[in-house]
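Bear in mind that the values in this text are calculations on the coordinates, not laboratory data. Since we're looking at a predicted model, the values are computed, not measured. Using ideal geometry, Cβ is built from the backbone for each residue, glycine included, and neighbour counts are taken over all protein chains shown.
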Amino acid sequence: MKQLFETIKIENNQIHNLIWHNQRLNQSRLVLFGEQHPLDLKEFIKLPKKKGLYRCRVLYDTTIRKVEYIPYQPKSVQRLKIVSSQLDYAHKFDDRLELNALSLPSYDDIIIEKNGLLTDTTIANIAFYDGQSWLTPSTPLLQGTTRERLLSDGFLTRKEIKKEDIKNYSHFALMNAMIGFQVDKSITITP
């Protein structure tokens, strides 16, 4: 049975975005395993003894299998390359071999282009600013929890984005559970 995982931010004994992680976990359990009884991650997460920033990694399938607490070290992303792929990663599987195989050694990460549209990087959802609105690809590889929260709040708008469109945007942002919504003008994107 394939296992999945959630990455949850715990900062100074505060658990972030738990409602969105619970939603994705239970949706994946229902779709993949037919599990109709929802789990609440709060029942499985114990706060670390030391304050600080932790990446709580919850491994699961039909139920929670393992919970780890790892001090978080952010990854620096400055250079991205657009890579075309037909990869299907609609659920956050623990087996990331196919996803990791797309990585290029001379770049910090990649933006995956699928069916002519931009999707995500290997570690984050993406967004572009057009001068008025923050736009996120309408067809992400993975519906990330931060992305879903920002869509729900009305901060983000879904849009089909092609690599040719990048020149029309003034800002670029990465978003995931650990970094939140991170705008960076210094990132270089190579088509």
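Suppose the filter is within 30 Å of residue 185 (Cβ to Cβ), surrounded by 15 or more Cβ atoms within 10 Å (Cβ to Cβ) and out of contact with any Lys or Arg (no Cβ under 6 Å at 6 or more places or on another chain); does residue 67 pass it?
Answer is no for this residue.
Please work out which residue is surrounded by the most Cβ atoms within 10 Å (Cβ to Cβ), limiting yourself to the stretch 102-119 and to residues that are in contact (Cβ under 8 Å) with a residue 40 or more places away in the chain and part of a loop (DSSP other than H, G, I, E, B).
Checking each candidate, the answer is 107.
Return the residues of the stretch 8-17 that are buried (at least 19 other Cβ atoms within 10 Å of the Cβ) and either among the hydrophobic types (A, V, I, L, M, F, W, C) or under 18 Å from residue 93 (Cβ atoms) (or both); say none if nothing qualifies.
The answer is 8, 10.
Within the stretch 85-101, restricting attention to residues that are in contact with a Leu (Cβ under 7 Å, 6 or more places away or on another chain) and not aliphatic (A, V, I, L, M), which residue is surrounded by the fewest Cβ atoms within 10 Å (Cβ to Cβ)?
Per the stated criteria, the residue is 98.
Suppose we filter 135, 174 for residues that are surrounded by 14 or more Cβ atoms within 10 Å (Cβ to Cβ), touching a residue at least 60 places away in the same chain (Cβ under 8 Å) and assigned to a strand (DSSP E or B); which single one remains?
174
Count, please, the residues in the stretch 33-59 that happen to be within 17 Å of residue 20 (Cβ to Cβ) and part of a strand (DSSP E or B).
4
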